[in-house]
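The values are calculated or read from the model by the stated rules, or taken from the named source; none is laboratory data. Predicted model only: the values in this text are computed from it and were never measured. Ideal geometry is used to build each Cβ from the backbone, glycine not excepted, and the neighbour counts take in all protein chains shown. Note: areas computed on protein heavy atoms with side chains; ligands, DNA, RNA excluded. Shrake-Rupley method; radii C 1.70, N 1.55, O 1.52, S 1.80 Å.
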Amino acid sequence: MSERNYGIDFLRLILMFMICTLHVLTQGGIMDAAKETDIAYRYAIYSFFYVVSYCGVDGFALISGYAASDKNRKYTIIIDMWFQAFFYSFILTVILTIMGFNDGYGMKEFIKAAMPVSFNVFWYFTAYFALFFAMPVLNKYLFSIDILTAKKSLVITVILFSFVGLIADAFKTNWGGGTLGIIILYCIGVLAKRINLFQNMKAGLLVCMWLLSILISWGVLVTTDITRLVRNNSPTIILSAFIMVVLFSRIKLSARIIEIIKICSPLVFGIYLFQLNQVVWNHFLYSSFSFVVGYNLVFGILYILGFALVIFILGLSVDFIRSRLFKLFRISYISEKIVILFSKILSYMHYS
């Protein structure tokens, strides 16, 4: 068995902080407010943080492929994740409603909240849910082909998904932000790892490539207002995300830092779900930070990073409590029983 790469786990924490920053800028209303201000450079600077943070989602999808193996994963993993999504979609919404923070929800909305995958409450989880069950089929090809075929497959995939995507979303991937897009990013991660893409490059060169990809996306955005290079299927966004994966996979961490990562890393997904909870997203985050544009640039940047950190810590804390509750109610045991039940049903269907 290969040793766990805690540099990748550390990257997961960094990527989630980037996603928190992205949500502060977008859902928090800062980008819209900055665009309307008379001070042009303010929008340009905030746009830089927006572009840097945008590769967070791509990073998670690429990590899923980069860290994958040809061994089948336990189905209890996805059941546990569904219960986690249910907690944030339904239970947390009920709690916040009782506390008086949600007065616009009716029975229809609560029914949707109780079925987070069916009603796409958390789009990334819905996409990953489909990817999880597609992995065994995908891996049969991805891990069986020779290196030359892997190289060809990677080039073709990137051209069709990313470079053709600059023209139009011809293959209906929702610009890389839907189920098909996440599946393709997973495949890119697997193929890139198999051919050891960028593995022999020096860190300094990789950092320069990362910065160049960011500057290209940022430059096009602020000078032309064209957003094609700031999407999940953008070649520069994918490149910046993958370079981060390679760089962090090389990091050597102290034993103390690893112990902290071991505690925090399993809670990262909960930070995302916390932010996307319907009440948190629409009541607490929506246009809540637009006032930041009224401050000078230094304070504005500090506010953005500070609010992102607060969201990160709050999400981490809530998911820590959720994890304790799940242990108390033995949710993992319930997941195992559900998997056993479905296995028996499928076995019965096979022999009937």
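So which of VAL121, VAL57 is crowded, with 19+ Cβ neighbours inside 10 Å and part of a loop (DSSP other than H, G, I, E, B)? Break it down into steps so the answer makes sense when it comes.
On the way: VAL57 fails: part of a loop (DSSP other than H, G, I, E, B).
That would be VAL121, the only listed residue that is crowded, with 19+ Cβ neighbours inside 10 Å and part of a loop (DSSP other than H, G, I, E, B).
Considering every residue within segment 188-207, establish whether at least one is free of Cβ contacts under 8 Å to residues at least 24 places away in the same chain, assigned to a helix (DSSP H, G or I) and within 24 Å of TYR46 (Cα to Cα).
Looking through segment 188-207, none of the residues is free of Cβ contacts under 8 Å to residues at least 24 places away in the same chain, assigned to a helix (DSSP H, G or I) and within 24 Å of TYR46 (Cα to Cα).
For PHE274, state whether it is farther than 23 Å from TRP218 by Cα and surrounded by fewer than 20 Cβ atoms within 10 Å (Cβ to Cβ).
For PHE274, the condition - farther than 23 Å from TRP218 by Cα and surrounded by fewer than 20 Cβ atoms within 10 Å (Cβ to Cβ) - is not met.
Do we have any residue at all in segment 229-237 that's open to solvent by less than 50 Å² (accessible area, probe 1.4 Å), of a type in the set (Ser, Thr, Tyr), over 21 Å from ALA308 (Cβ atoms) and modelled with pLDDT of 95 or more?
yes
So is GLY181 among the small types (Gly, Ala, Ser), at pLDDT 95 or above, under 21 Å from VAL52 (Cβ atoms) and touching a Leu at 6+ places or on another chain (Cβ under 6 Å) or not?
Numbers: among the small types (Gly, Ala, Ser): yes; at pLDDT 95 or above: yes; under 21 Å from VAL52 (Cβ atoms): yes; touching a Leu at 6+ places or on another chain (Cβ under 6 Å): no.
Taking the combined requirement at face value, the residue does not satisfy it.
Select from segment 290-322 the residues that are of a type in the set (Ser, Thr, Tyr) and crowded, with 16+ Cβ neighbours inside 10 Å and list them in ascending order.
Those that are of a type in the set (Ser, Thr, Tyr) and crowded, with 16+ Cβ neighbours inside 10 Å: SER290, TYR303.
Report every pair of residues separated by at least 6 positions or lying on different chains whose Cβ atoms are under 6 Å apart, first residue within segment 122-151 and closer than 14 Å to GLY189 by Cβ, second of a type in the set (Phe, Trp, Tyr) and crowded, with 16+ Cβ neighbours inside 10 Å.
Listed pairs, sorted by first residue: LEU131/TYR186.
Determine, yes or no, whether VAL222 is open to solvent by 20 Å² or more (accessible area, probe 1.4 Å), closer than 30 Å to ARG42 by Cα and touching a Leu at 6+ places or on another chain (Cβ under 9 Å).
Details: open to solvent by 20 Å² or more (accessible area, probe 1.4 Å): yes; closer than 30 Å to ARG42 by Cα: yes; touching a Leu at 6+ places or on another chain (Cβ under 9 Å): no.
Here the answer is no, as VAL222 does not meet what is asked.
Consider ALA170 against the criteria (1) open to solvent by 70 Å² or more (accessible area, probe 1.4 Å); (2) free of Cβ contacts under 8 Å to residues at least 24 places away in the same chain: it satisfies all of them except one. Which criterion is unmet?
(1)
Of TYR66, TYR41, TYR75, which residue is surrounded by 20 or more Cβ atoms within 10 Å (Cβ to Cβ) and aromatic (Phe, Trp, Tyr)?
Details: TYR41 fails: surrounded by 20 or more Cβ atoms within 10 Å (Cβ to Cβ); TYR75 fails: surrounded by 20 or more Cβ atoms within 10 Å (Cβ to Cβ).
Result: TYR66 is the single residue among TYR66, TYR41, TYR75 that is surrounded by 20 or more Cβ atoms within 10 Å (Cβ to Cβ) and aromatic (Phe, Trp, Tyr).
Go through the residues of segment 93-114 one by one and say whether even a single one is buried (at least 17 other Cβ atoms within 10 Å of the Cβ) and under 18 Å from ALA130 (Cα atoms).
Within segment 93-114 (the criterion being buried (at least 17 other Cβ atoms within 10 Å of the Cβ) and under 18 Å from ALA130 (Cα atoms)), the answer is no, since none of the residues qualifies.
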